[in-house]
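The structure under discussion appears below in the form of structure tokens.
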Amino acid sequence: MREDLQLLREGALAGLQTAGDADALEAWRIQYLGRKGTVTDLMRNIGQVPAEERPAYGQAANALKNELSEAFDARQQALVQESLAAEMAAEGVDVTLPGRRPQIGGVHPSNQTLREITDIFATMGFQVFASRDVETDEYNFELLNMPPGHPARDLWDTFYTTTPGVIMRTHTSPGQIHAMKALGPDKPIRVILPGMCYRYEQVSARAEMMFHQVEGLAIGRHITMADLKGVIVEFANQLYGAGRKLRFRCSHFPFTEPSVEADVDCILCGGSGCAVCKYVGWLEIMGAGMVHPTVLRNGGYDPAEWSGFAFGMGPERITMLKSGISDIRYFFGNDLRFLEQFG
Amino acid sequence: MTAIKVPLSWLNDFVDVFDLDPVELAERLTLAGLEVEHIRWVGLNPSDAYHVPADRMGEEDGLPWELDKLFVGEIIRTERHPNADRLLLATVEYGGDKPMTIITGAPNLRPGDSMIKVAFATIGARLVDPYADAYKTMTLKAGKIRGIRSEGMACSERELGISDEHEGIIILPPNAPVGMPLADYMGDAVYSMDLTPNLARDLNIIGVAREVAALYDRPLKRPQPELAALAGIVRPEDMPRPQPPARRFVNIEIPAPDLCHRYTAILIRDVEIGESPGWIKDRLRKAGVRPISNIVDATNYAMLEWGQPTHAFDYDLLVERARQAEGQKSRGAEEQSDSGFSAEASDPLTSDILTSDPLPSVLPTIIMRRARDGEKMTTLDGVERELTSDMLMITDTLGTVAVGGVMGGLETEVNDQTRNVLLEAASFDFINNRRTSQTLRLPSEATARFSKGISAEMPVPAGLRCARLMVELAGGEVVEGIEDCYPTEQHSVTIDLAPAEVRRILGMDVPTAQISDILRHLEFDVEPLGDDENTLRVTVPWFRLDATIPADLIEEVVRIIGYDQIPTTLMDDALPPQWRNWALEGKERVRDLLTGAGLQDIISYRLIGPEVNRKLLAAQGEPVYDPVAGVAVDDRQLPVIFDPEALVRLENPLTPAADRLRSTMLGNMLAALARNARSVDRVALFEIGKVYWPVEDDSLPAEPELISIGLTGVRAARNWSNQNDQMLDFFDLKGVVEELLARLGLLADARFEATVHPLLGVRAARVLIGKNELGVLGEVHPVVRRAFDLPDQRACIAELRLAPLVAAVSYRPAMQSISNFPAVKEDLAVVVDEAVLAEQVEQVIRQAGGSLLRDVTLFDIYRGKQVAAGKKSLAYSLTFQADDKTLKDSDVEKVRKRIIARLGQALGAELRA
Ligand SMILES: [Zn+2]
């Protein structure tokens, strides 16, 4: 090889080794391999080489160009590796540090349970029908088979407003009459009536003066108590988990006859007895019954042709059982330390 | 619900129950509608079906007596303790290998006593610790007192958990079988039951016994002649009519037969008031009634047993009053009541049966009349009460005696000197009775029963039972015959029941014969209806007032069969029309959007007090400040937007702090912010709920649903990667509202404009959708903030109407095209007067920018040295893009120039140097 080429080669390779970053590398490439680079010039200047040396010169110059190109690629590759390694080294982190969690609010536990109840009954064709909180005595009692002075009225401690005959509804049952009048007559009905109810009751861990209730009402030409049992069993299995045992006991509500209370085997002890179920193994989940003929009539339905069932339950009570909440007053206390536990 | 206590030993008088497991019997009764809430064990041992662990049983659960440790024992020898004067050594035979010696200090034992039967506890028995302050059980240990070993204990009532009695040991009857486990001999259990109002007939021992008899197909035992006489009687018309007394001893007048259906009186002579025997007191105590004296105890006992409250008058006091009245009358004082019904008894003057102790010449007269409005009376509790004409009074010729069926009078009450008792057993209108006891706030065991309804046929047999018991307990004799005034007779009720109806309602076939059987067990009379084999004519027994329609009978049938026998089916009835519930979907969508925006869903009390309103109006009268300049506007004050008094008010609030319905949710929200702000750094809440607005000319209020939002504290909680304590302010709140509106497609039509509001400070806006106001938002006025005890930091609240948002829930946006050509971003800073609003600037920019201007973002606001006073600089980032080509610099420059020119023309804006 000609000495000038040899010198050029050594100089170039030495320069390549000192090119420590992408910019230096690019400068090197331009200096040697660029359009006006030194190696490129070698080929351009081949005319000045004596003719007999030209083939050897051309070969040598070409070889040099290839060698330097390869060296450049290798060096470039090495540099990428180096910078990647440096980048990775700087990324070291303690993965146990807390993440930055997006701020997302939670749905109130009562509303969660209301949604759950609504969804379950929707699978059985029950739709939501809302009615008012401030009610007339007529709708809250009279049309539900409780004329003035009826002793069953004692079952509900009532808030009266200063307007005579206007009260705070003590249960969602007036919605039965509203629903029948709105959706009937002569049409089958399947609705649930969620809403806030009010009781003149000293507030304690077990009793609130305000609470939610969900009433259900089904009316049709062939609705039976067996159907009521079927719906309650289905609901309980969807809400509390499959395989639950249910128990129906005779009870009394003036607007249903016959009336029952439905109990589910205790979700905490499975029926063997614990403090939550007061050692009886059963938890009361709802009151229910066949709509009283007088109530059907008051809603515009002929009790000889139509029959129906109704039921009522308390979402707060259900939530208390499912989440082990011992005091109902947490529900409307608006304490974030309580609410945020339920997402 | 009405609570009663039923000792099994008492129940067993009327139906055999001791061969049944008390736990299973309780469950069977509960399933049949007679809820046994609780069992107290007084000696009897619970079965495995009882789940309360022994170590969790407290005083109310009672004490089972161990079968191998507590026995009927007999003291065969009693002698003095050789080393202790006051103690005795008793040798007790109890059926064990050898008699045991016990040391006792019982005051009812003497040296030399023998053949005395006692309740004997052997060593190791679990007993109630008689000396502990609070209820506690203990294990009996062998003890040595002054050299002598005590090998057991003769128990008092307290040690056995029967009562608090600890004066002496229990002495059992001589025929008690020695060696029998004590629990088998006298063990008992007491049911606490809570009965629904339709079970009024069962608020007594006999009623419960009838239910047990029907459930277990057992005969009702009738140990008393009064009960035996009623066997087989169904119709009230068939009840035996009482014989009038040979000589009248009281006149009864009922001028108010609608309120007092029947009044009977029995005379018991020569009683001696004293203490009742132990077995009566034991039963009363177990039933939850305090023994008082033999006469009063007899009335209570009869009431607990039969369900008929009675009242014992001192007959001589009534006679004395009649004499006084006679005296007044002879002085020409008063006119006599003569209307209404009166008992037809024999004439005292023509009677030829004269006793050795002749009846008085002046007879008392009981008059059951309505009170006069405003009439006053002092009741047994010593309180003077004002009466109304809706109330039934017991009066006599002298004046008022008692409130009928509610409370007796002080003056005629039996007392220590009473010799002759007039026993009242009456029947009242139950609705009127309930109303009176509620109005006078006089609940009692008697009104608990009267107010639920008692058969008008009950006073006679129950009165007789009570009278006989009085004689048993207090001596004397029952005067033959009953004074009976019965103007409003009870009539039999028949119900025609088609067995097919049972199937239609229950969804289960019940054979006609089974229906008849069940009803007959419950003492109904059942006959086929004429030739119609498909219908039963059912007569309701006289003691039941609750059954009137076929559905009532269906309930009777199914509760005896058991609800577990009903199949479980899925409705095969036609599915009603189903519809999309937009209102609910909309509400829940809003809830999800707000939780997604980082806010917690809350639910507040909808009943509030005047205190909340006072706080809400705390800033009233404060000056109004200009929203942009922040200076007070002369002569303007924050407006009144609601009248805190014009709300729906409660007549009977539980507490003054909850005496009215809220008309805004902001009071709740401010309280919730205050409650949490001290414990949580970032408080972000919302509530969706009703408020109540009175409506003119309507007795019912409007109940619109609103959304309230509240923010206070830091924007993001401080943590290892965020040390920045930026506080939530107006624009965080506005951002939440904007996001909510954007997601529902309403933001394009929404406008925010500065407003004044009595809860808000300078930073206050109302938001409009088109022309309709959606609500207000802003930072809480400092005065209001302090009133609610919020921390000294910004608090932001909003209240919006839910309905317009719900109406938008079906919104689905049309897709906008997405350009494939590059976007060009440019910054533009303009200087405008302070008074120029950002909204105006942006509007001009967008109009001038036309279709190529795709986005406008305000990224800086500057006031200071580089701009003139009273001016501000607004810096925008503008994004230009075309759908069909790559924009050239010249394209953008053209638009930019147009924007600057328009800003200058419209708003006097200048390009910032
Ligand atoms: Zn349990």
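The values are calculated or read from the model by the stated rules, or taken from the named source; none is laboratory data. Computed from a predicted model, the values in this text were never measured in an experiment. Methodologically, a virtual Cβ is constructed for each residue, glycine included, from the backbone with ideal geometry; neighbour enumeration extends over all protein chains shown. Protein only, heavy atoms only, side chains kept; ligands, DNA and RNA dropped before computing areas. Shrake-Rupley method; radii C 1.70, N 1.55, O 1.52, S 1.80 Å.
Being outside any loop (DSSP other than H, G, I, E, B) and within 14 Å of chain A (Cβ to nearest Cβ) holds for only one residue in B:V612, B:V633, B:V624, and it is B:V612.
Restricting the search to segment A:139-158, which residues are assigned to a loop (DSSP other than H, G, I, E, B) and either in contact with a Ser or Thr (Cβ under 6 Å, 6 or more places away or on another chain) or modelled with pLDDT of 95 or more (or both)?
A:F141, A:N145, A:W156, A:T158
Of all residues in segment A:242-258, those satisfying the criterion of being more than 7 Å from every other protein chain (Cβ to nearest Cβ) and surrounded by 23 or more Cβ atoms within 10 Å (Cβ to Cβ) are A:F253, A:P254, A:F255, A:T256.
Of the residues in segment B:283-296, at least one is open to solvent by less than 30 Å² (accessible area, probe 1.4 Å) and of a type in the set (S, T, N, Q). When residues in segment A:133-176 are screened for being among the aromatic types (F, W, Y), facing another protein chain (nearest Cβ under 9 Å) and touching a residue at least 12 places away in the same chain (Cβ under 8 Å), 1 of them pass.
Within segment A:177-199, the set of residues being assigned to a loop (DSSP other than H, G, I, E, B) and either over 39 Å from the mean Cα position of the chain (by Cα) or more than 9 Å from chain B (Cβ to nearest Cβ) (or both) comprises A:G184, A:P185, A:D186, A:R199.
Yes/no matrix, rows are residues, columns are (1) in the same structural domain as A:Y198 (by TED's automatic domain parsing); (2) more than 23 Å from A:Q127 (Cβ to Cβ); (3) within 16 Å of the ligand (Cβ to nearest atom):
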{"site": "A:V264", "(1), (2), (3)": "yes, yes, yes"}
{"site": "A:I267", "(1), (2), (3)": "yes, yes, yes"}
{"site": "A:G273", "(1), (2), (3)": "yes, yes, yes"}
{"site": "A:V295", "(1), (2), (3)": "yes, no, no"}
{"site": "A:N298", "(1), (2), (3)": "yes, no, no"}
{"site": "A:A304", "(1), (2), (3)": "yes, yes, no"}
{"site": "A:A310", "(1), (2), (3)": "yes, no, no"}
{"site": "A:S323", "(1), (2), (3)": "yes, yes, yes"}
{"site": "A:D327", "(1), (2), (3)": "yes, yes, no"}
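As for segment B:649-658, it holds at least one residue that is more than 12 Å from chain A (Cβ to nearest Cβ) and either at pLDDT below 90 or open to solvent by 50 Å² or more (accessible area, probe 1.4 Å) (or both). Only helices (runs of 4 or more DSSP H) whose full extent lies in segment B:720-813 are considered here, and the ones with at least 2 residues that are in contact (Cβ under 8 Å) with a residue 60 or more places away in the chain and within 30 Å of A:G99 (Cβ to Cβ) are B:730-743.
Evaluated against (1) on the phi < 0 side of the Ramachandran plot; (2) touching a residue at least 12 places away in the same chain (Cβ under 8 Å), B:G405 falls short on exactly one condition, (1).
Between A:S69, A:S83, the distinction of being surrounded by fewer than 16 Cβ atoms within 10 Å (Cβ to Cβ) and touching a Leu at 6+ places or on another chain (Cβ under 7 Å) belongs to A:S69 only. Among all positions in segment A:227-238, there is at least one residue which is more than 7 Å from chain B (Cβ to nearest Cβ) and among the small types (G, A, S). Of all positions in segment B:136-144, at least one carries a residue that is touching a residue at least 12 places away in the same chain (Cβ under 8 Å), assigned to a strand (DSSP E or B) and in contact with a Leu (Cβ under 7 Å, 6 or more places away or on another chain).
To keep it simple, each residue is scored yes or no on (1) open to solvent by 20 Å² or more (accessible area, probe 1.4 Å); (2) in contact with a Phe, Trp or Tyr (Cβ under 7 Å, 6 or more places away or on another chain); (3) assigned by TED's automatic domain parsing to the domain that holds A:V295; (4) of a type in the set (S, T, Y).
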| site | (1), (2), (3), (4) |
| --- | --- |
| A:P174 | no, yes, yes, no |
| A:K181 | yes, no, yes, no |
| A:P185 | yes, yes, yes, no |
| A:Y200 | yes, yes, yes, yes |
| A:R221 | yes, yes, yes, no |
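Under 6 Å between Cβ atoms, which residue pairs at least 6 apart in sequence (or on different chains) link something in segment B:670-687 that is more than 7 Å from chain A (Cβ to nearest Cβ) and of a type outside the set (A, V, I, L, M) with a partner that is open to solvent by 10 Å² or more (accessible area, probe 1.4 Å) and in a strand (DSSP E or B)? From residues that are more than 7 Å from chain A (Cβ to nearest Cβ) and of a type outside the set (A, V, I, L, M), the pairs are B:D681/B:V714; B:R682/B:V714. Taking segment A:103-132 as the range and being within 8 Å of chain B (Cβ to nearest Cβ) and β-branched (V, I, T) as the test, the residues that pass are A:I104, A:V107, A:T118, A:V128. Checking B:T418, B:T400 one by one, the residue that is in contact with a Leu (Cβ under 9 Å, 6 or more places away or on another chain) and open to solvent by less than 10 Å² (accessible area, probe 1.4 Å) is B:T418 and no other. Suppose we filter segment A:284-293 for residues that are surrounded by fewer than 22 Cβ atoms within 10 Å (Cβ to Cβ) and within 16 Å of the ligand (Cβ to nearest atom); how many remain? Adding up the residues that qualify gives 1.
Among residues that are more than 16 Å from the ligand (Cβ to nearest atom) and under 34 Å from the mean Cα position of the chain (by Cα), A:E257 is not included.
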